[in-house]
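Student: Mind having a look at this structure? Questions to follow.
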Amino acid sequence: MHVSIKTALVLAAFTTTAHAFADAPLNVGISGEPYPPFTYKAASGDWTGFEVELAHAICAELERECEIAPTGWSGIIPSLQAERIDMIMNSMSITEQRQRVIAFTRPYYFTPGAYVAASERELVIPDDLDGLVMGVQSATTNATYARRALRDSGVDVRLYDQAEQVNSDLLAGRLDIVLADEIAMRQFLARDEAEAFEIKATAPHHDAYGEGIGIGLRQEDEALKAALDEAIAAVVEEGTCARLSEQFLGTDVCVYP
Amino acid sequence: MDFSWLSDPFYQEYLWQGFVNTLWLLLVSAVGGQLLAVGVALARLRGPRPLAWFAAAFSSVIRGTPLLVQLFFFYYGVGHLLEGVPGLRETWIWPLMRDPFFFGAVTFICSVGAYSGEVIRGAMLSVPPGELEAGRAFGLSGRQVLVRLWLPRAIQLCLPTLTGEMILLLKSIPLVSTIALMDLLQAANIIRDETFLVYEPLLLIAGIYLATTVVLTATLRLVEINFPGMRPRSRRWLPVR
């Protein structure tokens, strides 16, 4: 019984693949749970956001038709491998672990870590970090960066489970400075209670941050990877990416060659 | 099993720092907690009625709520309330208020005070009244009876239970990793985040906890044996009755 169901599923998968040839539209997998401002539903009911619009631009460059396919985030890699979607484009960091399972295009955007502290505090980073208490969220690239690169700066790094705990301790004065994702920090600073704080600097490129965000692909789709790499480079170079980034994120996060 | 990360000086330092913080927190909470426990027991048995009532309420609340909730209550609740007090940031207490160690210690002292307080109260009630009356008959004052007879006899009776409380305290300490204090569990989490190894760091710190418990038990056992009146004089372990 089990075997026959599995076989049926596999067959079904194959029949759909047979259609997904050449000129069939590319299914762009995004997280079904909205992830503003990268992917979210506009009032019209259509998906929009920085990555959705960027996907449309990339597809125009490829001269292929694309369909946005919302998929549960936790099952998005299995969906890719089951060929229900052809690429994953939703802020997926290029990590060593994922690269064992799927392939990535070249990175198209990268958000650095941003240092946030009270506006009245004069800071030169990293020289003035000595003796300060810095909060970071654990299990993030910022935590790794803080521990590795700022090791000799004399800063006291405190690790929190949740980003909101870090923000709350910064507001309460228990932390002098916070290192967190720049986009998230911009949203935090937009709050009334955070008006006395500002971004002091962004962290430089470092191994801890990886290469950035790329489009996830099946490892065997080498032709698609080559085409997408070129399309991304074109979209970045002609400034479409920067324009969309400014529009949705208020800053240019595109990765230039 | 991959333990190659153990040779990384980064991780060695985190583990060492976590271990030292764990021991410090254990020591501070154990000493502070036992002193509070004696106070709670005395307040419940001999205190004026409002104080006795307060001590009973304290025990019920602390023993009736999860330790993790208390830790968050003190760190994120009371801590943030106190920070709103004007002028506090300029006083000597401010550096303490910023330190998660302080809130961890306060939480554990309260916890030990409530649990051990009940143990000591029970032990004080089970000291035979005849012994206390004998003390009075020998001319000791009420205070002397308390300090030289009642308390020592009660502690003697409940020492093994208090040892158990200390071991439980040691194993509650990993909770402070949630308030951004570097303890053994947080060190293990760092190693997990960076190496993607889950079991090896946890196994290592489990081993460290086990070894610490063995040493702690042996040390407290020595205290038990050497506690006045515990040594067998005439082939009897406890000179009860």
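Student: Per residue of A:165-174, what is the mean number of Cβ atoms on other protein chains within 10 angstrom of that residue's Cβ?
Tutor: Counting Cβ atoms of other protein chains within 10 Å of each residue's Cβ and averaging gives 5.
Student: Sticking with this one: If you take the C-alpha gyration tensor of chain B, multiply each eigenvalue by 5 and take the square root, what semi-axes do you get, largest first, in whole Å? Before the final figure, lay out each step's value.
Tutor: Numbers: eigenvalues 299, 131, 35 Å².
Gyration-tensor ellipsoid for chain B: 39, 26, 13 Å.
Student: If each residue's Cβ is checked for other Cβ atoms within 10 Å, how do A:Cys241, A:Cys66 rank with the fewest at the top? Write down the numbers at each step before the final one.
Tutor: Working: A:Cys241 26, A:Cys66 19.
Fewest-to-most Cβ neighbours within 10 Å comes out as A:Cys66, A:Cys241.
Student: So how tilted is helix A:50-62 from the main axis of chain A? Cα-based, degrees 0 to 90, rounded to 10.
Tutor: The answer is roughly 40 degrees.
Student: List the extent of the Cα atoms of the stretch A:100-245 along each of their three principal axes, largest first, rounded to whole Å.
Tutor: 53, 32, 27
Student: Give me the log10 of I(q) over I(0) for the protein assembly as shown at q = 0.07, 0.09, 0.11 Å⁻¹, as the Debye formula computes it from C-alpha points; what are the numbers?
Tutor: -0.57, -0.81, -1.03
Student: Once both axes come from the Cα atoms, what is the angle between helix A:2-19 and the longest principal axis of chain A, in degrees from 0 to 90, rounded to 10?
Tutor: With rounding to tens, the tilt is 90 degrees.
Student: Whole percent per 10 Å bin, from 0 to the bin with the longest distance: what is P(r) over all C-alpha pairs of the stretch B:77-202?
Tutor: Whole-percent P(r) values from 0 Å outward: 11, 24, 22, 21, 15, 6, 1.
Student: Further question on the same structure: Taking Cα atoms, how many degrees apart are the long axis of helix B:184-195 and the longest axis of chain B, rounded to 10 and kept between 0 and 90?
Tutor: On a 0 to 90 degree scale, this one is about 10.
Student: Please figure out what share of the DSSP beta bridges in chain A is antiparallel and state it in percent, rounded to the nearest 5. Intermediate values should be presented prior to the final figure.
Tutor: Numbers: 19 of 34 bridges.
Around 55 percent of the beta bridges assigned by DSSP in chain A are antiparallel ones.
Student: Right, here's the next one. Please report the orientation-averaged projected area of the stretch A:58-153, defined via the convex hull of its C-alpha atoms, in nm². Let's see the in-between values first.
Tutor: On the way: hull surface 38.1 nm².
Average of the hull's projected areas for the stretch A:58-153 equals 9.5 nm².
Student: How big is the Kirkwood radius of chain A, worked out from every pair of different alpha carbons and given in Å to one decimal?
Tutor: Its Kirkwood hydrodynamic radius stands at 20.1 Å.
Student: Another question, then. State the percent of C-alpha pairs, over all pairs in the stretch A:28-92, separated by a distance greater than 14 angstrom.
Tutor: It works out to 53 percent of all Cα pairs.
Student: Please state the equivalent ellipsoid semi-axes for the stretch B:1-89: what are the square roots of 5 times the Cα gyration tensor eigenvalues, largest first, in whole Å?
Tutor: Working: eigenvalues 274, 79, 35 Å².
Listed largest to smallest, the semi-axes of the stretch B:1-89 are 37, 20, 13 Å.
Bear in mind that the values in this text are calculations on the coordinates, not laboratory data. Computed from a predicted structure; not experimentally measured. Because the Cβ atoms are built from the backbone with ideal geometry, glycine has one as well, and the counts that use them run over all protein chains shown.
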